[in-house]
Amino acid sequence: LIVHLPSFLEKGKGITIVVMPTVALAMDQEKNAQEHYENVGDSAYRPQAYYSGISQDKKNLIFRGIKEGTIPILYISPEAILNSNFYDLLLEAAAQDKINRLVIDEAHIVIDWGASFRTEFQFLSIFRKRLLEISNKKIKTVLLSATITDRSTEILKKLFSEGDNFFEIR
């Protein structure tokens, strides 16, 4: 609900980027989210998952949806954001107020994996800061985890907040 409800209610007025740790999880989340958008006619206004192996038509649909700000939810890996055309495309969308929030699912992975395995997870904090600069701090950041330690929380606060701008719900 944290991701789905605001994205659904905004009705084409911005994108929620959801960073996922695995392709299988992204595909599953996309499938589940699309059930809530069944009665929407335009396929560009449906949650989408980007991963290697999708068709060129789907890639084009996703790129168009980002440019227009009509994809309500985009499930994507940190590698796809940081090591591809998405980086500039998402920054451009942020500059045009087309991105509403950045969500990192399984945020404890930033700490657990980020130092030596899939370091792109830790670079997400730099990407987020760039999004905030470009959007005049309009983008919200949400870190989700069901298995986070106090130590991980402290590190995430340092990486993903400015001063006391960090709210924690457990």
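When you check Gln34 against the structure, is it under 15 Å from the mean Cα position of the chain (by Cα) and under 21 Å from Leu1 (Cα atoms), yes or no?
The answer is no for Gln34.
Quick check on Arg128: is it assigned to a helix (DSSP H, G or I), over 22 Å from Leu9 (Cα atoms) and open to solvent by 20 Å² or more (accessible area, probe 1.4 Å)?
So Arg128 fails the test.
Hey, any hits in segment 114-122 for a residue that's modelled with pLDDT under 90 and on the phi > 0 side of the Ramachandran plot?
Scanning segment 114-122, I find at least one residue that is modelled with pLDDT under 90 and on the phi > 0 side of the Ramachandran plot, so the answer is yes.
Filtering segment 26-49 down to residues that are among the charged types (D, E, K, R) and at pLDDT 85 or above, which residue is most open to solvent (accessible area, probe 1.4 Å)?
Let us first name the residues in segment 26-49 that are among the charged types (D, E, K, R), namely 28, 30-31, 35, 38, 42, 46.
Now restrict to residues that are at pLDDT 85 or above: 28, 30-31, 46.
Working: Asp28: 73, Glu30: 18, Lys31: 134, Arg46: 56 Å².
Only one residue tops the list, namely Lys31.
Does any residue of segment 141-151 turn out to be in a loop (DSSP other than H, G, I, E, B), touching a residue at least 60 places away in the same chain (Cβ under 8 Å) and of a type in the set (A, V, I, L, M, F, W, C)? If you could, list the steps in order and put the result at the bottom.
Applying the first criterion (in a loop (DSSP other than H, G, I, E, B)) to segment 141-151 yields 144-149.
From what is left, the residues that are touching a residue at least 60 places away in the same chain (Cβ under 8 Å) are 144.
Narrowing further to those that are of a type in the set (A, V, I, L, M, F, W, C): 144.
There is at least one residue in segment 141-151 that is in a loop (DSSP other than H, G, I, E, B), touching a residue at least 60 places away in the same chain (Cβ under 8 Å) and of a type in the set (A, V, I, L, M, F, W, C).
Would you kindly identify the helices (runs of 4 or more DSSP H) lying entirely within segment 1-106 that contain at least 3 residues that are without any contact (Cβ under 8 Å) to a residue 40 or more places away in the chain?
Passing ranges, in order: 23-34, 56-68, 86-95.
Return a yes/no flag: does segment 89-100 have any residue that is farther than 20 Å from Lys140 by Cβ and charged (D, E, K, R).
Within segment 89-100, not a single residue is farther than 20 Å from Lys140 by Cβ and charged (D, E, K, R).
Is it the case that some residue within segment 142-152 is crowded, with 20+ Cβ neighbours inside 10 Å, modelled with pLDDT of 90 or more and not basic (Lys, Arg)?
yes
Filter segment 88-110 for residues that are surrounded by fewer than 19 Cβ atoms within 10 Å (Cβ to Cβ), of a type in the set (D, E, K, R) and farther than 24 Å from Ser52 by Cβ and give the result.
Asp97
For segment 50-87: of the residues being over 16 Å from Val18 (Cα atoms) and among the small types (Gly, Ala, Ser), which is least open to solvent (accessible area, probe 1.4 Å)?
Going through the qualifying residues, I end up with Ser84.
Inspect all residues belonging to segment 111-125 and state whether any of them is in contact with a strand residue (DSSP E or B) (Cβ under 8 Å, 6 or more places away or on another chain), within 20 Å of Ser7 (Cβ to Cβ) and crowded, with 17+ Cβ neighbours inside 10 Å.
Scanning segment 111-125, I find at least one residue that is in contact with a strand residue (DSSP E or B) (Cβ under 8 Å, 6 or more places away or on another chain), within 20 Å of Ser7 (Cβ to Cβ) and crowded, with 17+ Cβ neighbours inside 10 Å, so the answer is yes.
The values are calculated or read from the model by the stated rules, or taken from the named source; none is laboratory data. Computed from a predicted model, the values in this text were never measured in an experiment. When we count neighbours, we look across all protein chains shown, and the Cβ atoms used for this are built from the backbone with ideal geometry, even at glycine. Accessible surface is based on the protein model in full, side chains and every heavy atom, while ligands, DNA and RNA are left aside. Shrake-Rupley method; radii C 1.70, N 1.55, O 1.52, S 1.80 Å.
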